[in-house]
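J.: I have a structure here, written as structure tokens, and I will follow up with some questions on it.
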Amino acid sequence: MTEVSERVFKYIGKNRFFSRVDWILLVAVLLIAMAGLVTMNSFLPAQAGIEGNYFFERQTIWLSIAVVVFLIASFIDWRFLRRTGIIMTLFVISCLILVLLFVKGSIFQGAQSWFDFGGFTFQPSDPAKLVLVLLLAKYFSRRHVEIAHVRHIVVSGIYTAILSLLVLFQPDFGSAIILWTIWLGMVLISGISKKHLLAVILFAAVTFGFLWTFAFQDYQRQRVLTFIHPLTDIQGAGYNAYQSTIAVGSGEFLGKGVGYGTQSKLRFLPEYETDFIFAAFAEEWGFLGSVTLLFLYGAVLWRIFRITIRGAGNFEMFFGVGLSMYFAAHIIIHVGMNVGLLPVTGTIIPFMSYGGSHLLTEFLGLGILMGQRAYSRAAHRDDVREGEIPGIK
């Protein structure tokens with residue numbers, strides 16, 4: 001038995017397929033996805049007029065496609081992404097698609113954020129986040145030694161502002177926050193000075209004041225005000241947050257059991273399959289299940305960190321940092337608004353919430369990371385001469 005086991009482990013270690021993939025990370029991600037599927041499967045029958053289990057069935061298809069995308073991406077040599085021309089092309093295409101939304105996009109719950117292709121919808125703000133990670137990784141991989149110059153913070157902030165404004169005008173406040181969180185995390189990791197950090201904070205405060213006055217919709221302002229005084233309008237703007245906290249609290253330690261979450265089953269909790277899926281899960285699985293779920297997310301971030309510190313070069317390391325910020329921002333904001341600690345911004349939680357656009361983007365991001373992992377080495381230096389990003393001589 002011992003000899004057989006040794007042969008198996010040797011085969012796995014030498015096999016190109018098995019060595020490419022971080023299996024701890026993939027298993028953790030799939031367990032999180034399964035938790036989302038179980039939650040969707042629990043409550044859909046309560047919806048009248050829908051035959052079968054729509055969300056569960058569609059999400060199963062998207063998850064299968066996403067895993068295939070992940071495996072294919074794991075076998076691609078992504079060093080071509082170090083080229084400025086490639087990155088800038090992706091950035092321009094992302095901007096053009098976001099602009100096209102205002103012409104051809106479909107409106108859902110007041111936001112013009114999706115393209116409707118009949119059988120499925122596509123939300124371009126999801127891949128735009130991954131494009132921003134790639135763009136900033138390229139930028140800081142060449143500028144991290146000069147990051148003390150404030151112009152690099154300004155230029156990187158302009159790139160981020162272009163995408164975030166296009167997203168904000170949809171309006172999609174949650175995605176705009178994610179984009180700026182990615183930028184802030186990567187700027188901090190790149191070695192920003194304390195005085196520049198203070199400048200960034202002051203700039204953010206001024207920007208928020210401008211957006212509050214000229215850009216925010218009335219319902220977005222009301223959400224922030226409701227966050228400060230959540231019980232002042234529980235039948236209006238505060239309804240979602242109030243029902244979410246009830247769902248989380250009613251789960252207690254062990255939960256009510258799969259399919260017995262009354263807040264979701266009786267339709268008190270809105271958008272349980274997307275924006276409030278953590279609350280729906282917590283009601284069924286309780287505190288213990290919620291901690292286990294967060295542990296799995298922690299395992300995903302830990303594995304990304306391990307791969308990042310062993311990156312082949314600066315670009316790969318900054319990409320890993322940006323990807324971890326992408327996931328961490330979604331997790332923190334989603335859980336925070338589900339437990340009443342943050343305003344409701346319509347933010348999904350990775351791998352678990354319903355939706356194909358974000359699922360494909362997340363698995364593609366991890367696939368790129370796996371592809372980079374294949375050519376990582378101990379010495380963190382780039383093999384090829386890299387180009388320049390516009391804005392810097």
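J.: Would you mind ranking 129, 256 so that the residue whose beta carbon has the fewest other beta carbons within 10 Å leads the list?
T.: So the ranking, lowest neighbour count to highest, is 256, 129.
J.: Treat each spin label as a single point 7 Å out from the Cα along the C-beta direction, and report the residue 250 to residue 107 distance in nm.
T.: 3.4 nm
J.: From the phi of every residue in segment 57-72, what ³J(HN,Hα) in whole Hz does the Karplus formula 6.51 cos²θ - 1.76 cosθ + 1.60 yield, where θ is phi - 60° and glycine or proline is x?
T.: Karplus values, whole Hz, x for Gly and Pro: 5, 5, 5, 4, 5, 4, 5, 4, 5, 5, 5, 4, 4, 4, 5, 5.
J.: Separate question: Full-extension gain between residue 374 and residue 258, please, as 0.36 nm times their residue separation minus the C-alpha to C-alpha distance.
T.: Fully extending the segment from residue 374 to residue 258 adds 37.8 nm.
J.: Set the Förster distance to 56 Å, then compute FRET efficiency between residue 288 and residue 214 from the Cβ-Cβ distance, nearest 0.05. Please report the intermediate quantities before stating the final value.
T.: Details: r = 46 Å, r/R0 = 0.82.
Approximately 0.75, to the nearest 0.05.
J.: Would you kindly derive the ³J(HN,Hα) couplings of segment 128-140 from the backbone phi angles with the Karplus curve 6.51 cos²θ - 1.76 cosθ + 1.60 (θ = phi - 60°), listing them in order in whole Hz, with x for Gly and Pro?
T.: 4, 5, 5, 4, 5, 4, 5, 5, 5, 4, 5, 5, 6
J.: I've got another one for you. Taking θ as phi - 60°, what are the ³J(HN,Hα) couplings along segment 204-212 by the Karplus curve (6.51, -1.76, 1.60), each to the nearest whole Hz, with x for Gly and Pro?
T.: 5, 5, 5, 4, 4, x, 5, 5, 4
A short reminder: the numbers here are calculations on the coordinates, not readings from a lab. All figures in this text were calculated on a predicted structure; none of them were measured in a lab. Neighbour counts are summed over all protein chains in view; Cβ atoms, including those assigned to glycine, are modelled from backbone coordinates with ideal geometry.
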